[in-house]
Amino acid sequence: MSKRLIELKNISKSFDNQLVIDELDLYIRENEFITLLGPSGCGKTTTLRMIGGFETPDKGSILFDGHDITHVPPNKRQVNTVFQKYALFSHMSIAENIAFGLKIKNKSKSYIDDKIKYALKLVNLDGYENRMPDSLSGGQQQRIAIARAIVNEPKVLLLDEPLGALDLKLRQDMQYELIRLKNELGITFIYVTHDQEEALTMSDTIVVMNQGYIQQIGTPEDIYNEPQNAFVADFIGDSNIISATMIQDKLVEILGARFECVDTGFGNMTPVDVVIRPEDIDLLEPGKGTIDGVVTHIIFKGVHYEMEVTTPDGFEWLVHSTDMFPVGTKVSIHVDPFDIQIMNKPESEDEEAIAVEE
């Protein structure tokens with residue numbers, strides 16, 4: 001296990017008397033690709049900016065390699081930031097853009113030339129030294145912004161929604177580029193996005209945030225398959241989130257029907273929330289599953305069909321399947337016990353936004 005490189009301890013931050021981050025604790029390991037994920041206003045960019053030194057916490061401390069850097073200015077930190085707006089200097093060539101930080105550090109011309117070549121090769125833009133930024137596509141400009149950050153040899157690269165302005169295909173290409181760069185460079189990437197697919201594709205660790213609190217920390221697989229509350233389940237991918245009753249260990253009642261599950265320790269006759277992913281629902285002939293229903297809506301999504309199945313209680317189940325069931329088809333819903341995720345109900349609205357275990 002890699003050592004802890006960055007630690008945020010009891011961090012709080014307000015803007016105009018509005019609390020944005022509330023007593024946040026987080027550590028980031030060396031060589032980790034960690035993503036801060038959440039909706040707009042959840043505090044993820046503020047957290048990133050405090051790590052970069054662009055904002056100072058009202059309370060708490062930030063440690064880097066064991067040293068307190070809470071009040072150290074950005075240019076004295078071993079981090080570089082890549083923003084959504086690439087901020088390339090339009091009057092400078094690509095080579096001059098990349099060399100900017102190195103010239104400030106008074107590096108020799110031969111050192112700078114070597115670094116420019118190395119950085120351009122790394123981002124697959126060999127031979128672009130003399131081009132001007134406005135002659136490049138959005139994806140190429142973003143890669144130059146990353147190259148400019150990389151040549152300074154930061155221990156940590158901060159990326160604030162860097163792919164947000166790109167079209168879907170380019171964004172997907174750049175996701176793979178960033179994974180490759182992270183593996184080749186062996187530096188820590190801290191990435192901010194509200195795009196769940198991006199987070200699931202690239203991250204070693206995902207930190208799901210909402211209303212200034214950490215909701216869950218885990219691997220992409222953990223976050224997707226074992227969401228710890230309804231917010232996480234709803235925010236990461238599509239979900240059926242249903243109020244249910246835990247009858248006893250390994251048996252849950254959902255909408256009046258009893259489903260076997262694998263969860264234990266919730267007690268008997270306990271109100272719970274259940275998460276069932278749409279791809280985990282099998283549609284069978286009427287009577288062959290646990291609840292019967294009728295297909296009321298269908299959309300072709302390319303890889304699969306997205307259907308709504310309405311059951312007699314009026315609940316609309318979201319189902320993803322490679323098999324097509326026309327609207328009006330009577331079906332029966334089956335879910336394997338392993339694919340039913342049981343969660344404690346939050347006792348209050350505050351609890352919905354409170355940090356959970358790492």
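Numbers for the structure displayed
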read-out: In nm, spacing of pseudo-spin labels at Arg131 and Ser14 (7 Å Cα→C-beta vector); value: 4.9 nm
read-out: Lysines whose Cα lies under 29 Å from that of Lys103, excluding same-chain neighbours fewer than 8 positions away; value: Lys76, Lys85, Lys115, Lys117, Lys121, Lys155, Lys182
read-out: Rh (Kirkwood; distinct C-alpha pairs) - the stretch 1-75, Å; value: 12.8 Å
read-out: Cα centre as origin, Lys/Arg/Asp/Glu Cβ charges: the stretch 280-323 dipole, Debye; value: 100 debye
read-out: Label-point separation, Glu306 to Lys345 (7 Å along Cα→Cβ), nm; value: 2.9 nm
read-out: On Cα atoms only, tilt of 109-122 relative to the major axis of the chain in degrees; value: 20 degrees
read-out: Antiparallel bridge percentage (DSSP; both residues within the chain; nearest 5); value: 75 percent
read-out: Positive dipole terminus of the stretch 1-65, leading residue within Ser61, Phe15, Thr35 (C-beta point charges); value: Thr35
read-out: Per-residue SASA entry for Phe235, accessible area with 1.4 Å probe, Å² rounded to 10; value: 30 Å²
read-out: Förster radius 56 Å - calculated FRET efficiency between Asn268 and Ser90, Cβ distance, rounded to 0.05; value: 0.25
read-out: Dipole magnitude of the stretch 25-69, debye to nearest 20 (Cβ charges: Lys/Arg +1, Asp/Glu -1, about Cα centre); value: 200 debye
read-out: Percent breakdown of C-alpha pair distances by 5 Å bin, ordered from the shortest bin, for the stretch 294-335; value: 6, 27, 35, 22, 8, 2, 0
read-out: 0 to 90° range, to nearest 10: angle between helix 168-185 axis and the chain longest Cα axis; value: 60 degrees
read-out: Accessible area (Å², 1.4 Å probe, nearest 10) - His297; value: 90 Å²
read-out: Cα-Cα pairs of the stretch 123-211 separated by more than 22 Å (percent); value: 28 percent
read-out: Matching label, P(r) over Cα pairs in 10 Å bins from 0, in percent computed from the structure shown, candidates [x] 5, 25, 32, 25, 11, 2, 0; [y] 5, 22, 28, 23, 13, 5, 2, 1, 0, 0; [z] 5, 21, 26, 21, 15, 9, 3, 0; value: [z]
read-out: Lys330 versus Val72: modelled label distance in nm, points set 7 Å from Cα along the beta carbon direction; value: 7.0 nm
read-out: FRET E, pair Thr322, Phe54, Förster distance 45 Å, beta-carbon r, rounded to 0.05; value: 0.45
read-out: Descending principal axes extents, the stretch 145-189, alpha-carbon based, whole Å; value: 29, 17, 14
read-out: Nearest 10 degrees, 0 to 90: helix 94-104 Cα axis against the chain principal axis; value: 70 degrees
read-out: Stretch gain in nm, segment Glu226-Asn106, where the contour uses 0.36 nm per residue and the Cα spacing is subtracted; value: 38.2 nm
read-out: Given charges at beta-carbon only (K, R positive; D, E negative), |dipole| of the chain in Debye; value: 2360 debye
read-out: The stretch 209-358: Lys pairs at Cα distance under 27 angstrom, eight or more positions apart or on different chains; value: 5
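The values are calculated or read from the model by the stated rules, or taken from the named source; none is laboratory data. Nothing here was measured: the structure is a model prediction, and the numbers come from that model. Here the Cβ is made from the backbone with ideal geometry for all residues, glycine too, and neighbour counts use every protein chain on show. Side chains included, ligands, DNA and RNA excluded: accessible areas come from the protein's heavy atoms. Shrake-Rupley method; radii C 1.70, N 1.55, O 1.52, S 1.80 Å.
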